[in-house]
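**Q** To start, I am sharing the structure in question, which I have written as structure tokens.
The values are calculated or read from the model by the stated rules, or taken from the named source; none is laboratory data. From a predicted model like this one, the values you see are computed outputs, not experimental measurements. In this analysis, Cβ positions are derived from the backbone assuming ideal geometry, glycine residues included, and neighbour counts consider all displayed protein chains.
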């Protein structure tokens with residue numbers, strides 16, 4: 001699959017609000033339901049993408065490390081499930097339970113939320129501050145399937161540490177995420 005970079009939504013953008021089906025709890029959850037007291041990470045992921053599979057364990061570690069520190073986490077899948085049935089809600093629930101996702105895994109059936117965030121790839125990461133303003137968008141780290149760089153989450157971790165310390169995350173240090181394209185409906 002060809003690698004697609006994130007579109008880099010402008011910093012300062014207010015978090016687009018949503019209400020989506022959580023495949024694990026089977027409840028509708030809004031942005032306000034998942035937001036953290038000190039910030040929120042919105043991740044666009046899916047089940048079938050090799051880039052997501054490559055970083056899944058680090059996503060779990062990140063959420064376990066930063067949720068107790070006031071950061072909320074949510075994962076959203078927006079793929080066309082007719083063409084990509086592995087990304088259907090029942091399969092999303094299986095994946096979340098198997099991997100022990102400590103965050104909700106929401107299904108964006110209409111793809112409106114992905115459009116609102118200008119999400120382009122999986123994984124695609126957006127970090128919002130306590131006022132729901134975008135302070136980081138970009139990659140987890142430099143690791144990609146097959147490039148022999150260990151998965152560390154260093155870029156996203158640095159962004160979260162800066163956020164928690166009240167520092168500004170330099171825009172020059174924000175590199176686009178790379179992954180599979182979001183599978184848009186025709």
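**Q** For residue 41, are the conditions met, namely being surrounded by 13 or more Cβ atoms within 10 Å (Cβ to Cβ), in contact (Cβ under 8 Å) with a residue 12 or more places away in the chain and either under 13 Å from the mean Cα position of the chain (by Cα) or part of a helix (DSSP H, G or I) (or both)?
**A** Spelling it out, residue 41 is indeed surrounded by 13 or more Cβ atoms within 10 Å (Cβ to Cβ), in contact (Cβ under 8 Å) with a residue 12 or more places away in the chain and either under 13 Å from the mean Cα position of the chain (by Cα) or part of a helix (DSSP H, G or I) (or both).
**Q** Would you please name the residue that is surrounded by the fewest Cβ atoms within 10 Å (Cβ to Cβ), looking only at residues in the stretch 164-185 that are under 17 Å from the mean Cα position of the chain (by Cα) and outside any loop (DSSP other than H, G, I, E, B)?
**A** In this case the residue turns out to be 181.
**Q** Take residues that are at positive phi and tell me which of the strands (runs of 3 or more DSSP E) falling wholly in the stretch 83-147 contain 1 or more.
**A** Of the strands (runs of 3 or more DSSP E) lying wholly inside the stretch 83-147, those with at least 1 residues that are at positive phi span 134-138.
**Q** Suppose the filter is in contact with a strand residue (DSSP E or B) (Cβ under 9 Å, 6 or more places away or on another chain), at pLDDT 95 or above, surrounded by fewer than 20 Cβ atoms within 10 Å (Cβ to Cβ) and outside any loop (DSSP other than H, G, I, E, B); does residue 156 pass it?
**A** When the stated conditions are applied, residue 156 does not pass them.
Listed here are the residues, each with its yes/no results for (1) free of Cβ contacts under 8 Å to residues at least 40 places away in the same chain; (2) surrounded by fewer than 20 Cβ atoms within 10 Å (Cβ to Cβ); (3) out of contact with any strand residue (DSSP E or B) (no Cβ under 7 Å at 6 or more places or on another chain).
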residue: 32; (1), (2), (3): yes, yes, yes
residue: 51; (1), (2), (3): no, no, no
residue: 74; (1), (2), (3): no, no, no
residue: 89; (1), (2), (3): no, yes, no
residue: 109; (1), (2), (3): no, yes, yes
residue: 118; (1), (2), (3): no, yes, yes
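**Q** Which condition does residue 48 not pass, out of (1) part of a helix (DSSP H, G or I); (2) under 15 Å from residue 180 (Cβ atoms), if it passes all the others?
**A** Result: residue 48 fails condition (1) only.
**Q** Residue 80 - would you say it is in a loop (DSSP other than H, G, I, E, B), modelled with pLDDT of 95 or more and buried (at least 18 other Cβ atoms within 10 Å of the Cβ)?
**A** Considered against the rule, which asks whether it is in a loop (DSSP other than H, G, I, E, B), modelled with pLDDT of 95 or more and buried (at least 18 other Cβ atoms within 10 Å of the Cβ), residue 80 comes out as no.
**Q** Going by the conditions given, is residue 57 surrounded by fewer than 18 Cβ atoms within 10 Å (Cβ to Cβ) and not in a loop (DSSP other than H, G, I, E, B)?
**A** yes
**Q** Those residues that are in contact with a strand residue (DSSP E or B) (Cβ under 9 Å, 6 or more places away or on another chain) and over 17 Å from residue 118 (Cα atoms), I need them from the stretch 172-186; list them, please.
**A** Selection gives 173 alone.
**Q** Another question, then. Give the residue, chosen from 57, 26, that is on the phi > 0 side of the Ramachandran plot and out of contact with any strand residue (DSSP E or B) (no Cβ under 8 Å at 6 or more places or on another chain).
**A** One residue alone meets the criteria, 26.
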